[in-house]
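The values are calculated or read from the model by the stated rules, or taken from the named source; none is laboratory data. Since the model is a prediction, treat every value here as computed from it, not as a measurement. As a convention, Cβ positions derive from the backbone with ideal geometry for all residues, glycine included, and neighbour counts pool all protein chains shown.
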C-alpha cells in the first residue's frame, strides 16, 4: 500500500500559543499512527514557526512555511529567505498557494524561482496549483494545470523528485464559500497532473505525491483518499481542531486500507 499524506495550512488564524497547543495535541493524538503509512504536516504562520519548531522536532509531524523569497538575502522588505527557514530547521515550504497567486498576484515564473531556491536549500517543496471557476467553466482546467506545473518546475532536475510534493487546490473549491470537487473530478485532474509530472521528469515523476485540497471534510475525505491518483489530503478548516483532524485522518486511512485490501483480494 502507498504512503498517505495529510496536512493543513493554518493561514493567518492561530496565535503562537494557539499554534503550539494545537501541535502538542495533534502529536499526542496521532502518535500511535505508523509514520511509514502516513506523513503528517502542518504549515503555521511565520510568527509561530520558532516555537512550533521546538515541538515538531519530535518528528511526529513535518513543519512548513507558508511562503518564501527566492533570494538568500537582500533588499526585500517583508520577505523571508530560505536561509532563515533553514535556521529554524523547517522541513518544507509551500509555494504558489492560490491566495499568493490571486490576492498577491504572484506569477508562475516567480513560483518557479521559489521552487528552485527551496529545493537547492534542501527543503521539501509543496507546489500548489489550481484553476479558477471561470477557467473551469471555459474548459481550460487541463491547460491551466499543465501550464502551472511546466513553468513551476521549469529547470528543476529529476534528482529533486524526493523533495517535491504537489497540492491540487481548485480555486473555486477552497475558502468559506468553496464548493467541494467531486471525487471523480479530483481523480481526473490528479491523473492529468501525474501524467504531466511524468512528461517533466520522466516516469519517476509519477512517484511525486499529489494531494487534494479544496473543502476537504469528514463528509468527502474517505471517498477522495481511495481514488488511485490521490496520494493525500490538504485539509482546511476541518483540520484546525486537533481532535477533528485526528478523526478525519483515521477514517480516511481506514477507508483506504479497506479498498486496498479488496483490490489485493
(request) Please specify each residue of segment 11-58 satisfying the condition of being without any contact (Cβ under 8 Å) to a residue 12 or more places away in the chain and assigned to a loop (DSSP other than H, G, I, E, B). (result) 32, 34
(message) I need every pair where a residue in segment 69-97 that is at positive phi has its Cβ under 8 Å from the Cβ of a residue that is loosely packed, with under 14 Cβ neighbours inside 10 Å, sequence separation at least 6 or different chains.
(response) 89/57
(message) Condition check: under 20 Å from residue 152 (Cβ atoms), modelled with pLDDT of 95 or more and either touching a helix residue (DSSP H, G or I) at 6+ places or on another chain (Cβ under 7 Å) or crowded, with 22+ Cβ neighbours inside 10 Å (or both). Does residue 48 satisfy that?
(response) no
(request) Scan segment 63-85 for residues that are within 21 Å of residue 14 (Cβ to Cβ) and not in a loop (DSSP other than H, G, I, E, B) and report the count. (result) 5
(request) Could you run through segment 1-36 and say how many residues are surrounded by 21 or more Cβ atoms within 10 Å (Cβ to Cβ) and more than 27 Å from residue 223 (Cα to Cα)? (result) 1
(message) Being within 19 Å of residue 69 (Cβ to Cβ), at pLDDT 95 or above and in a helix (DSSP H, G or I) is the requirement here; does residue 150 meet it?
(response) no
(request) Starting from segment 163-189, take each residue that is touching a residue at least 24 places away in the same chain (Cβ under 8 Å) and list its partners that are assigned to a loop (DSSP other than H, G, I, E, B) and surrounded by fewer than 18 Cβ atoms within 10 Å (Cβ to Cβ), counting only C-beta distances under 6 angstrom and pairs at least six apart or across chains. (result) 171/132; 173/179
(request) Only residues that are without any contact (Cβ under 8 Å) to a residue 60 or more places away in the chain and either in contact with a strand residue (DSSP E or B) (Cβ under 6 Å, 6 or more places away or on another chain) or surrounded by fewer than 18 Cβ atoms within 10 Å (Cβ to Cβ) (or both): list them for segment 201-213, please. (result) 202, 203, 204, 206, 207, 208, 210, 212
(request) Return yes when residue 39 is over 20 Å from residue 125 (Cβ atoms) and either at pLDDT 95 or above or surrounded by 14 or more Cβ atoms within 10 Å (Cβ to Cβ) (or both) and no when it is not. (result) no
(request) Working carefully through the options 212, 185, find the one that is within 27 Å of residue 159 (Cβ to Cβ), modelled with pLDDT of 95 or more and under 19 Å from the mean Cα position of the chain (by Cα). (result) 212
